[in-house]
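What follows is a short report on a single structure.
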Amino acid sequence: MSRFDVIIIGAGTWGSSTAWQLAERGHKVLAIDAFTPPHAHGSHAGATRLARQSNSTGPEYVELTQRAFAAWKSIAERTGIDVMTTTGNVFVGAPGSKWFDNTLENLKASPFEHEIFTGDEARARFPRVRIEDGELAVWEPKGAVSLVQPSIHAMQQLGCEEGVEVRYGEKVLDWSADDNGVVVTTAAGRYEADRLVVTVGAFSNSVLGLDFPTRVERQVLANFAIDPAAPQLPSLYVAAPAGDDSAPSYGCPEPDGTFKVSVPGKGNIIDPESLSQDVTQADLDRVLSFVRSRLPEAKGDPVATTVCMWTESEDGHWLIGRHPTHERVVLGAGCNGRGFRYAPVIGSILADMTEGTDHPELARFDLGRYELNSTRV
Ligand SMILES: Cc1cc2nc3c(=O)[nH]c(=O)nc-3n(C[C@H](O)[C@H](O)[C@H](O)COP(=O)(O)OP(=O)(O)OC[C@H]3O[C@@H](n4cnc5c(N)ncnc54)[C@H](O)[C@@H]3O)c2cc1C
């Protein structure tokens, strides 16, 4: 049995990025996944993810956003794979809405290009979106849509060129770590390494043996037929009204010409092992109510649906750091519905930490903010 420098458990969005970047730095890397990414069993199901430059959460995301956009550009140039489409992004809402106000405030304090439209001006600029009186429309011309499968394939291709070994379709059943290294066990084998990175998304608590205060939420994405002859719709967020703390509803154009829409549901907690692609009438009613009120041209029922799950941390920020009882184990979890566009940067941070370089400037994401109990001693 050959020994690796690093084993990655979970070779999805963040894991494929980390594997490639560690291999590029000269490490012998093994990436293991229960399925063959990209797939529909985790947090990257579906064709697209929105990649806007604004954020509702805080200034620490500005530099990460700049790095992420530059990294995706470089990935596309190196692999020849189109990983993003620039669609522009518009977010709509009324002042007083918490998400809208935070997002606009952060955007104004950032270097990102944007324009604010009001009333008739907004309706003339975005004629395919219904904008109510009293709402503003904020336009980000560099807003983009990440193409999920090409992005993951591109990171896999870079990893493959750098010598990453992969074991797909091998669910990790157990791992252990001690002063000599780590041992990972799957149904098909037993693998040894000096260090371990765990990027298993929604499955983090069970695989890590930790009790992060996170919720795994089931989310439904629905695709609607839209006018193929009309000028392209941008990606779109619509804030909940003032006094309603719900996440914004959002959508974006997809490569097949449809428009994807999601109305994030809070509290739809699931066991990640039980994810099914079945949708209920209640799922459809939520999304139809949004579409009928905001995208009047999308008249029919959805032409396709995807069920996915994201992991929401208590404070809305990622969990990045070392396992509290195992120094050799680095982990990245808690995607909070915004982790895709940052994958190249998160991979680089996890690679740094695996090599022993911590990032005190990223304290917002540090595990130390939670008192964690570990079942792995
Ligand atoms: C509905 C929805 C909408 C989203 N919208 C956006 C958006 O607009 N913009 C954005 O930037 N982000 C968005 N996100 C978030 C983004 O998709 C995630 O942040 C990203 O895909 C998370 O990557 P991950 O690596 O944590 O998880 P994943 O990509 O799911 O990878 C985890 C991997 O671990 C593997 N695994 C799990 N358990 C085991 C085991 N025991 N053994 C081996 N392998 C295992 C899984 O098979 C999987 O491949 C959205 C997410 C969802 C669900």
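A few points about this structure:
- Applying the criterion of at least 3 residues that are out of contact with any His (no Cβ under 7 Å at 6 or more places or on another chain) to the strands (runs of 3 or more DSSP E) found wholly in the range 102-159 leaves 115-118, 144-147.
- Qualifying residue in the range 69-88 (condition: farther than 30 Å from A230 by Cβ, away from the ligand (no atom under 14 Å from the Cβ) and buried (at least 19 other Cβ atoms within 10 Å of the Cβ)): yes
- Those residues of the range 205-229 which are more than 8 Å from the ligand (Cβ to nearest atom) and small (G, A, S), in sequence order: G209, A222, A225, A229
- Subset of the range 202-222 (residues that are buried (at least 23 other Cβ atoms within 10 Å of the Cβ) and among the polar types (S, T, N, Q)): S204
- Of the strands (runs of 3 or more DSSP E) that lie entirely inside the range 1-100, not one contains 2 or more residues that are hydroxyl-bearing (S, T, Y) and modelled with pLDDT under 95.
- If you go through the range 150-185 and pick out every residue that is more than 25 Å from the chain's Cα centre (by Cα) and crowded, with 21+ Cβ neighbours inside 10 Å, you end up with 3.
- The range 172-191 residues that are closer than 15 Å to V377 by Cβ and touching a residue at least 40 places away in the same chain (Cβ under 8 Å), paired with ones that are surrounded by 12 or more Cβ atoms within 10 Å (Cβ to Cβ) and β-branched (V, I, T) (beta carbon under 6 Å, 6 or more apart): W175/V184; S176/V183; A177/V329
- Residue within the range 28-37 that is away from the ligand (no atom under 14 Å from the Cβ) and either surrounded by fewer than 17 Cβ atoms within 10 Å (Cβ to Cβ) or charged (D, E, K, R) (or both) present: yes
- Cβ-Cβ under 8 Å pairs, at least 6 apart or on other chains, the range 286-301 side in the same structural domain as N223 (by TED's automatic domain parsing), far side outside any loop (DSSP other than H, G, I, E, B) and among the polar types (S, T, N, Q): V287/S262; F290/S249; R294/S249
- Qualifying residues in the range 38-62 (those that are of a type in the set (S, T, Y) and near the ligand (Cβ under 8 Å from one of its atoms)) - the one farthest from the chain's Cα centre (by Cα): T48
- Members of the range 254-273 found to be farther than 24 Å from S313 by Cβ, within 13 Å of the ligand (Cβ to nearest atom) and not acidic (D, E), listed by number: K260, V261
- Test: residue in the range 237-246 that is within 21 Å of S43 (Cα to Cα), touching a helix residue (DSSP H, G or I) at 6+ places or on another chain (Cβ under 9 Å) and modelled with pLDDT of 95 or more: yes
- Screening the candidates P344, P302 for the property of being part of a loop (DSSP other than H, G, I, E, B), surrounded by 21 or more Cβ atoms within 10 Å (Cβ to Cβ) and modelled with pLDDT of 95 or more yields one hit, P302.
- Scope the range 259-278; condition hydrophobic (A, V, I, L, M, F, W, C) and over 28 Å from L233 (Cα atoms); matching residues: I269, I270, L275
- Any hit, the range 247-260, residues being at pLDDT 95 or above and of a type in the set (A, V, I, L, M): no
- Candidate set: the range 347-377, residues that are within 16 Å of the ligand (Cβ to nearest atom) and among the hydrophobic types (A, V, I, L, M, F, W, C); chosen: the one surrounded by the fewest Cβ atoms within 10 Å (Cβ to Cβ): L367
- Just one of the numbered conditions (1) touching a Pro at 6+ places or on another chain (Cβ under 6 Å); (2) over 23 Å from T103 (Cβ atoms); (3) of a type outside the set (A, V, I, L, M) is not true of D283: (1).
- Cβ-Cβ under 7 Å pairs, at least 6 apart or on other chains, the range 114-131 side free of Cβ contacts under 8 Å to residues at least 60 places away in the same chain and surrounded by 19 or more Cβ atoms within 10 Å (Cβ to Cβ), far side among the small types (G, A, S) and outside any strand (DSSP E or B): I131/A122
- For the range 228-251, the criterion of being surrounded by 12 or more Cβ atoms within 10 Å (Cβ to Cβ) and of a type in the set (D, E, K, R) is met by none of the residues.
- Criterion: outside any strand (DSSP E or B), under 24 Å from A23 (Cα atoms) and not aliphatic (A, V, I, L, M) - qualifying residue of G339, G316, G368: G339
The values are calculated or read from the model by the stated rules, or taken from the named source; none is laboratory data. Remember, it's a predicted structure, so these values are computed and weren't measured experimentally. Glycine gets a Cβ as well: all are built from the backbone with ideal geometry, and neighbour counts include every protein chain shown.
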